[in-house]
Structure formats: C-alpha cells, structure tokens
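What follows is a set of notes on a single structure, which appears directly below.
The values are calculated or read from the model by the stated rules, or taken from the named source; none is laboratory data. A quick note: this is a predicted structure, and the numbers were derived from the prediction, not measured. A quick note on method: Cβ atoms are made from the backbone with ideal geometry, for glycine too, and the neighbour counts reach across all protein chains shown. All accessible areas refer to the heavy atoms of the entire protein, side chains included, with ligands and DNA or RNA removed. Shrake-Rupley method; radii C 1.70, N 1.55, O 1.52, S 1.80 Å.
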Amino acid sequence: MSLRTAEIHGPSLQALSTRVALATTAIVGVAYVAIAIAVALIVTNNLTSQIDARLADTLNRPIQGPSPDRGFGPPPPDHPGLEFSPLIWTIQPGGAVMTSDNASTVTLPAQYQHVVGPETVTINGVEVRIAGRVRNDDYIVAGLPMTSVAQTQGILIPAEIGVGAFLLLVV
C-alpha cells in the first residue's frame, strides 16, 4: 500500500506566511503613524497652552519695567529683541506704541496692534504667540516666541521617525 500525498491547490504555505507578515507590518506601520501624529499634536497643544497661560498671566498683572538687579538681559544675537521674557507693546489711544525694554527692537505690525487672542504670528521672521486686551485707555499686546515648541518638534519628529523605522525593520 502506498501513501499518496494530497495535492494542495492555491497559494503555498510560504506565500501565505509572507502575506501575513506584510499585513502585520502594514498594520503596525499605520498604527505607529497614527500614534506618532497624536503624540506630536498633544505635545504641541500642551506647549502652546502653556504659552497661552503665560500670556494671559502677563496681560492680567501690572506692567513693570526691568528690575534694577536683574533687568531683561541682552537679546539673543540671532533674534534681536525676541527672548523668553514676554514682549509687551502698549498702544495708546493716539496710536503711539510703547514697548517693554526687551521689545524695543521688535516692531509690532499694525495688523496685530488690536489682536484679542492668542494667535501665532510671524514677527521679524520668528513665530510669536500674541494676545491682547484693553487696560484703562490703552491696548496691551503681549507676545512670547514659539521657540520652545519648534525646538521640541525638531527633536520629537525625527525621534518618532527613527523609532518608526526601527519598528518596521524589527517587525
């Protein structure tokens, strides 16, 4: 009596396992991209919310000049006038614009002189988050550079790409 091997019709076992591996890799890749985008959006939103809270705090407290012992310090050489201390512009009823010491070299464009608020604008080639409000007869606009957000994105996104590439190679 001889045993006969049954013939298998359809794709081979190797072809089926290759399809499963490719499908699994695609699913992991799509899931990772979705998670990476969500993380980047959450981090950006949290950092922007922190800047917005700082702007609101700046607009709600009395405006003061630099303290004699600390001052505002010199601006960074690559972005004169844009530092981590809030930039403050006071627009008087006649249209004259007064600035805090650290904003003295940064001109607030006319279209932002009555911004309500918070919004991201570009001033002197730098992204700045600004907000404003009426105080007495004046209009106060405060701004903070979005440098911390850009720096974090510059680290986070390449790291996510590297981890994603590694995961795809491992899977």
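Here are a few things to note about the model shown:
- Ordering of 28-36, 139-147, 16-24, 87-95 by burial proxy (mean other Cβ atoms within 10 Å per residue, highest first): 139-147, 87-95, 28-36, 16-24
- Per-residue HN-Hα couplings for segment 115-129 [Karplus 6.51, -1.76, 1.60; θ = phi - 60°; Hz; x = Gly/Pro]: 5, 9, x, x, 8, 9, 10, 10, 10, 6, x, 10, 6, 10, 8
- Taken one residue at a time, the phi angles of segment 31-43 give Karplus couplings (6.51, -1.76, 1.60, θ = phi - 60°) of 5, 5, 4, 4, 5, 4, 5, 4, 4, 4, 5, 5, 4 Hz. Gly and Pro are set to x.
- 17 Å reach of a label modelled at Asn46, 7 Å along Cα-to-Cβ, counting backbone N of segment 131-149: 148-149
- Solvent-accessible surface of segment 100-171, taken per residue with a 1.4 Å probe and all protein chains present: 55 Å².
- Between Tyr112 and Ala15, the contour length at 0.36 nm per residue exceeds the alpha carbon distance by 28.7 nm.
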